[in-house]
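First the structure, in the form of structure tokens, and then the observations on it.
FYI, it's all coordinate maths here, none of it is from the lab. What you are looking at is a predicted structure, and each value in this text was computed from that prediction instead of being measured. Using ideal geometry, Cβ is built from the backbone for each residue, glycine included, and neighbour counts are taken over all protein chains shown.
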Amino acid sequence: MPMPTVTGWSHSGPDVSDTRKSLLLILRSSPYGNGLARAGVDLALAAAAFDQDVSLLFMDEGIWQLLPQQDSAHTPGKNIARLLDSLPLYDIETLYVDGTSMVRRQLEPGQLGGNTQVLDESELRAFVEGFDQVMGF
Amino acid sequence: MLLHTVNKSPHQSDALDSCLRIAAAGSTLLLLEDGVYAAVAGTDSEKQLAARSDLACFALRSDVAARGLQELLPTHIQLLDYSGFVKLSVECHAVQSWY
């Protein structure tokens, strides 16, 4: 019996190459206090899977997402640190961090997981204006 | 330039503080919902806003009125109605909401 065919279907999916946009996610939520941290990482992975140019900026309580020794075995939901570790597979290599938010939490760059780059205030102001779209989580 | 919206009181959240750290010169800030408390004259947050003369600062008129703040706002904060909000959203290339 022949397989049904669907006309107009492209095996490789829709061509999104001409709709590539730069997207900045500003992640300001702690990893397990609510669902926002997970939602932000999910959006980053989804956008990157669709070949969009995604950057992540961690600030305020979002800084806590970057602590590397998260053991979420007895916490509902996936381990945020491990999800963040998977970002390089999606070509998200550098994680940007607000320096002031780190200092206020007594954290040093060496204590954070991933390949992080710390931005000061003047760098942040130039940085956020360089994206087509910005979303906060 | 970005339109930044802030909907939390500065006494409750660091949303405004972080927004002001990130907002580039020439960008626009709109206070709405409990964010309008940031504009009460003489408060630390109002002084922070006054110091950022490189930003265009607005507060949503209906949220100011609902909270009875009409007489408490300084002149450097412009009041905006909903149609003005829509206009700003269209004029700015992207919107970042701080919540």
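Listing for the model above:
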{"read-out": "Angle between chain A longest axis and helix A:36-49 axis [Cα atoms, degrees, rounded to 10]", "value": "40"}
{"read-out": "Directionally averaged projected area (convex hull, Cα atoms, region B:2-98), nm²", "value": "5.3"}
{"read-out": "Order of B:Cys19, B:Cys92, B:Cys57 - criterion: other Cβ atoms within 10 Å of each residue's Cβ, fewest first", "value": "B:Cys92, B:Cys57, B:Cys19"}
{"read-out": "Added length on full extension, which subtracts the Cα-Cα distance from 0.36 nm per residue, B:Ala25 to B:Gln78", "value": "17.3 nm"}
{"read-out": "Counted charge near A:Leu67, where neighbours are those whose Cβ lies closer than 14 Å (Asp, Glu -1; Lys, Arg +1)", "value": "-2"}
{"read-out": "Karplus-derived HN-Hα couplings along region B:64-72 (A = 6.51, B = -1.76, C = 1.60, θ = phi - 60°), whole Hz, x at Gly and Pro", "value": "5, 5, 4, 9, x, 9, 3, 8, 9"}
{"read-out": "Ranking of B:His4, A:His74, B:His76 by count of other Cβ atoms within 10 Å, fewest first", "value": "A:His74, B:His76, B:His4"}
{"read-out": "Estimated Rh, the protein assembly as shown: Kirkwood, alpha-carbon pairs, angstrom", "value": "19.5"}
{"read-out": "Expected-Rg normalisation [2.2 N^0.38 Å, Cα atoms] applied to region A:20-136", "value": "1.00"}
{"read-out": "B:Met1, A:Met102 arranged by Cβ crowding within 10 Å, fewest neighbours leading", "value": "B:Met1, A:Met102"}
